[in-house]
Amino acid sequence: SVMNGFRSELINKIVGFNSHITVKPYENQIDKNSIDKSLQEISKNLIFSNSGEAIFIKSEISKGILIRGYESSDFSKLEIFNNEQFLGDNKILSKNHISIGKELSFTLNLNVGDSITVMSSVGVETIIGNLPKQKTFIVSSIFESGLVDFDNNVVFINLTTLEEFFNLNKSDRVLEIYLNNPQNIEYQKTIVQNNFPNEFVYS
């Protein structure tokens, strides 16, 4: 009973932080208008996202981080931003603002309203050569997923801001699918794959 309870809690936390099914494009941009009724019926939320790797810099501390980007209107749909442990504004993720995990806030000694410098993994051409992009963000919120690895290594920013920061295109966006009932996920994954026969679909 103890192990079953632990397994259930662990799965709920992991699934709460990640989508049930993800559609990743190979070449062409995913068209949300092409989604048919069968997929809409099994889905609770269909959200576009993008991601990139960067380095946080604060005083003498630097830390590698994974940054996920979401549209401001989709930010509040994510389950981890709808609990009592969440601090700050969970309704909007505006430009130049960032949402970080509780563990990361301890690591870097950050609170809501503080600023943090982020160095991109891509560079910008200058007269002295290629230099990494740097940008300062304001911490707008602090979340707690219940999993230390997530809270210490993943942060969230506005989707458009992320794509500018990492030189990404809209065609790079993945479609995150959150199911109404994820129990029979392999069957539902087949429905998704039929809807996107030329894309990489994984759960």
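Global dimensions of the chain from alpha-carbon coordinates: Rg and Dmax equal 18.0, 64 Å. Any idea what log10 I(q)/I(0) is at q = 0.15, 0.26, 0.28 Å⁻¹ for segment 88-154, Debye with uniform C-alpha scatterers and no solvent? Values, matching the q order: -0.55, -1.12, -1.20. Here the chain exposes an accessible surface that is 49 percent carbon and sulfur, computed with a 1.4 Å probe and the other protein chains kept in place.
At 1.4 Å probe size, with every protein chain present, just tell me what the per residue accessible area of segment 73-115 comes to in Å².
54 Å²
Each residue of segment 161-176 was assigned a 3J(HN,Hα) from its phi angle through the Karplus expression (A = 6.51, B = -1.76, C = 1.60, θ = phi - 60°), giving 4, 4, 5, 5, 5, 10, 6, 9, 10, 4, 5, 8, 5, 9, 9, 8 Hz with x at Gly and Pro. Note on the chain: GNM, Cα springs under 10 Å; of Asn180, Asn18, Asn130, the largest mean-square fluctuation is that of Asn130. For segment 186-191, backbone phi angles converted through the Karplus equation (6.51, -1.76, 1.60; θ = phi - 60°) give residue-by-residue couplings of 5, 5, 5, 4, 4, 4 Hz, Gly and Pro being listed as x. Between helix 2-17 and the chain there is an angle of about 70 degrees, using the helix long axis and the longest principal axis of the Cα atoms.
The label-point distance for Asp31 and Leu131, in a model that sets each label 7 Å from Cα toward Cβ, rounds to 4.3 nm. A straight Cα-to-Cα reach below 17 Å connects Lys24 with the lysines Lys32, Lys170, Lys189, residues fewer than 8 places away in its own chain not being considered.
What accessible area per residue, rounded to a whole number of Å², is obtained for segment 139-203 using a probe radius of 1.4 Å?
Values: 2940 Å² over 65 residues.
So segment 139-203 comes to 45 Å² accessible per residue, rounded to a whole number.
The values are calculated or read from the model by the stated rules, or taken from the named source; none is laboratory data. Every value quoted in this text rests on a predicted model; they were computed, and no experiment measured them. Cβ coordinates were reconstructed from backbone atoms using ideal geometry, including for glycine residues, and neighbour counts include every protein chain displayed. These accessible areas exclude ligands, DNA and RNA; they are computed on the full protein's heavy atoms, side chains included. Shrake-Rupley method; radii C 1.70, N 1.55, O 1.52, S 1.80 Å.
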